[in-house]
Amino acid sequence: MHEYRVGLKAQDVLNRGRITAPGETPQAMYERVVNTIFAVENVLGTKPSEADRYRDNFARFMAEGAFSFGTPTLTNAGRPEYVGSALSSCVVIPVDLRDKSTAADKIRLYYRQNMGSGFNFSPYDDPVALLEWLNNLAAQETATGQYDRYIGNMGSLHVSHPRIREFIQAKKEKDLRHFNISVDVHEPFMDAAIRGDAYRLADGTKIDAQKLLWSIAQSAAQNGDPGIIYLDRMNRDNPVEALSAYTSTPPCSEMGLAPGETCQFGYINLAKFTLPEGINWKKLTEATTLMTRGLDNAIEVSSGGFPDPESQRLATLKRKIGIGICGLADILIYYGIAYDSPEARTLARDMLSHINYVSKIESVRLAEERGSCEAMSDRINNKYYRRFLTDRYGQHPTNTVSSEDWEDLEKYIARTGNLRNILTTSLPPTGRASILMGATSSLEPIFAGSEWNDGTREIIEKFVEIRAPGKAETILAKAASEDTFQNTDIADVAVLKTATEISPADHLKMVAAISGSNGIYDEAVSKTVNLPADATAQDVMDIFILTHTLGLKNISVYRNGSHDNQPQRL
């Protein structure tokens with residue numbers, strides 16, 4: 001197998017995150033994961049010679065840092081202590097929180113499989129008490145020292161809940177470090193808040209919608225919570241909403257999930273597909289095809305290993321996977337494109353729509369080889385038989401995927417019923433995986449004027465050297481000391497704006513280019529708008545309103561220095 005090399009920072013992530021087993025080298029981890037994932041090819045009927053080819057090609061891309069599985073898969077796959085476990089990254093745990101003893105036992109089982117978890121508190125009378133109880137459970141489990149992954153959770157509550165105001169204030173008043181929290185808003189509430197109208201809670205109480213949104217903005221400005229999510233928008237883009245509606249999200253809100261539903265994540269490092277003359281589309285196609293296959297294999301490896309039968313049922317019903325990305329900021333710097341420019345958004349749309357389309361083409365091929373997911377047998381409740389792809393993507397063509405491409409694919413799927421994976425793309429934060437690949441995280445710009453991952457550092461240093469020959473060392477030192485490039489003497493310095501130097505509106509425009517009303521990706525985007533320390537609640541209020549206007553599915557904010565006890569990125 002190929003040589004899998006990682007830098008010191010990545011090595012630290014592997015060790016401290018317990019992604020590698022005790023005494024295991026990165027090379028051994030890499031071989032363990034690839035061999036485990038592709039061992040199922042023979043079970044699925046692939047000829048041995050073809051199975052070897054798929055495995056070797058996948059191993060080549062992974063060794064190069066061109067893509068990676070999510071860290072739960074890297075941790076669990078092939079490890080003796082996780083034999084029989086699922087490889088999923090996230091889950092909405094299927095429990096009734098009124099029965100705490102039974103719920104706690106099941107929650108522990110999912111935690112032990114290293115999944116990030118989501119909970120919907122809307123059915124319960126006292127959501128804050130449950131939030132506190134679950135956080136304490138996570139803290140107690142963490143204290144045992146038995147976990148290979150930080151226990152991170154999402155707690156969501158619909159804005160109409162009678163105790164929504166207590167929930168909004170929960171993290172201002174309590175230490176709930178194992179939870180992100182989000183308010184599930186919807187069109188009627190947000191429209192009322194923008195107009196200044198009254199809004200009726202579920203118990204009939206009328207409130208001032210604008211004041212309630214303002215309280216969310218105030219709390220978020222103070223400590224980063226709550227964010228807002230739109231489960232109604234997520235379900236609008238859920239092709240099997242009638243069979244399995246979303247009720248909450250993973251800790252970073254990158255997708256909707258039904259109770260018991262899990263997802264396999266993998267990430268493509270866009271920075272590895274550059275050529276001086278433009279994007280290497282052929283290579284990106286191959287990488288996307290291989291990652292789709294690898295994630296479908298991971299579902300097969302997970303079969304029978306879920307802690308609850310509902311998770312197994314939904315995995316079989318949907319076979320949902322999530323191909324995310326990292327390295328967008330790297331590729332923009334490589335080509336000298338400012339993150340907050342229309343050109344950046346066009347390139348992002350072109351690359352991600354290509355990934356989305358190619359992953360679905362491969363899912364069709366996999367269905368022809370292995371059979372479709374069970375949801376494709378229900379022509380009444382499955383939106384793929386009712387212009388789902390045309391309405392979602394055919395109306396928003398890019399330079400890489402035309403309306404006709406989507407329409408032709410839709411017609412083929414509707415005629416044959418062939419689709420292995422009900423959805424294929426999502427944008428999680430790509431935190432630790434991006435470090436392993438040496439890239440910037442997900443869709444995010446560079447975060448600071450120093451402390452970059454290895455590949456990002458090389459791209460930035462080359463960018464500076466080209467534009468200021470002989471001055472690169474001095475410029476980089478100045479940027480590091482001031483945490484910004486904007487005071488340095490370099491051409492095209494706008495290309496090196498950090499997260500807090502990009503306006504909130506431009507952060508949101510990038511998200512909207514991928515996941516807004518004219519979005520080109522299946523699920524949501526895990527996106528935090530990083531704000532400077534002097535940002536106000538009004539700034540956050542404006543972000544929430546623009547999020548609504550642009551048709552986004554979720555957003556969170558973080559004001560620099562406001563709060564340290566956030567759940568770690570997964």
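The values are calculated or read from the model by the stated rules, or taken from the named source; none is laboratory data. This is a predicted model, so every value here is computed, not measured. Glycine also receives a Cβ, built like all others from the backbone with ideal geometry; neighbour counts cover every protein chain displayed.
Scan region 167-202 for residues that are among the aliphatic types (A, V, I, L, M), in contact with a Phe, Trp or Tyr (Cβ under 9 Å, 6 or more places away or on another chain) and under 12 Å from Leu131 (Cβ atoms) and the total you get is 2. In this structure, Ile446 qualifies as in contact (Cβ under 8 Å) with a residue 60 or more places away in the chain and either part of a loop (DSSP other than H, G, I, E, B) or more than 26 Å from Tyr4 (Cα to Cα) (or both). A single member of Leu531, Leu552, Leu496, Leu546 is among the aliphatic types (A, V, I, L, M), out of contact with any Cys (no Cβ under 7 Å at 6 or more places or on another chain) and closer than 20 Å to Pro251 by Cβ, and it is Leu552.
Scanning region 334-357 for residues that are under 21 Å from Pro504 (Cβ atoms), part of a helix (DSSP H, G or I) and over 21 Å from the mean Cα position of the chain (by Cα) yields a total of 2. Screening region 95-141 for residues that are in a loop (DSSP other than H, G, I, E, B) and modelled with pLDDT under 95 and picking the one that is nearest to the chain's Cα centre (by Cα) gives Met115.
So, of the residues in region 407-421 that are part of a helix (DSSP H, G or I) and of a type outside the set (D, E, K, R), which turns out to be farthest from the chain's Cα centre (by Cα)? Among those that are part of a helix (DSSP H, G or I) and of a type outside the set (D, E, K, R), it is Thr416. Restricting region 422-443 to residues that are in a loop (DSSP other than H, G, I, E, B) and not small (Gly, Ala, Ser) leaves a set whose member that is farthest from Leu496 (Cα to Cα) is Ile422. For the criterion of being in contact with a Phe, Trp or Tyr (Cβ under 9 Å, 6 or more places away or on another chain) and modelled with pLDDT of 95 or more, Met1 fails.
Answer yes or no as to whether Asn297 is crowded, with 24+ Cβ neighbours inside 10 Å, in a helix (DSSP H, G or I) and not acidic (Asp, Glu). So Asn297 fits the description; yes.
Restricting attention to region 363-382, report how many residues are surrounded by fewer than 21 Cβ atoms within 10 Å (Cβ to Cβ), assigned to a helix (DSSP H, G or I) and of a type outside the set (S, T, N, Q).
Count: 6.
Out of curiosity, is Ile19 touching a helix residue (DSSP H, G or I) at 6+ places or on another chain (Cβ under 8 Å), touching a residue at least 12 places away in the same chain (Cβ under 8 Å), β-branched (Val, Ile, Thr) and assigned to a loop (DSSP other than H, G, I, E, B)? Step through it out loud before you land on a result.
Values: touching a helix residue (DSSP H, G or I) at 6+ places or on another chain (Cβ under 8 Å): yes; touching a residue at least 12 places away in the same chain (Cβ under 8 Å): yes; β-branched (Val, Ile, Thr): yes; assigned to a loop (DSSP other than H, G, I, E, B): yes.
Yes.
So which residues in region 459-478 are free of Cβ contacts under 8 Å to residues at least 40 places away in the same chain and surrounded by 15 or more Cβ atoms within 10 Å (Cβ to Cβ)? Of everything in region 459-478, those that are free of Cβ contacts under 8 Å to residues at least 40 places away in the same chain and surrounded by 15 or more Cβ atoms within 10 Å (Cβ to Cβ) turn out to be Glu461, Val464, Glu465, Arg467, Ala468, Lys471, Ala472, Ile475, Leu476, Lys478. Which of the residues belonging to region 485-501 are β-branched (Val, Ile, Thr) and either touching a residue at least 60 places away in the same chain (Cβ under 8 Å) or within 23 Å of Val540 (Cβ to Cβ) (or both)? The answer is Val495, Thr498, Thr500.
Of all the listed residues (Ala170, Ala209), the sole one being within 16 Å of Met541 (Cβ to Cβ), touching a residue at least 12 places away in the same chain (Cβ under 8 Å) and among the small types (Gly, Ala, Ser) is Ala209. None of Thr456, Thr400 is touching a residue at least 40 places away in the same chain (Cβ under 8 Å), of a type in the set (S, T, N, Q), outside any loop (DSSP other than H, G, I, E, B) and over 22 Å from Gln264 (Cβ atoms) except Thr456. Annotation note: of Thr440, Thr425, Thr500, the sole residue that is hydroxyl-bearing (Ser, Thr, Tyr), modelled with pLDDT under 95 and within 23 Å of the chain's Cα centre (by Cα) is Thr500. Scanning region 22-52 for residues that are under 14 Å from Met291 (Cα atoms) and surrounded by fewer than 16 Cβ atoms within 10 Å (Cβ to Cβ) returns no hits. Look through Glu362, Glu310, Glu369 and report the one residue that is farther than 23 Å from Gly70 by Cα, among the acidic types (Asp, Glu) and at pLDDT 95 or above. When all the criteria are applied, what remains is Glu369.
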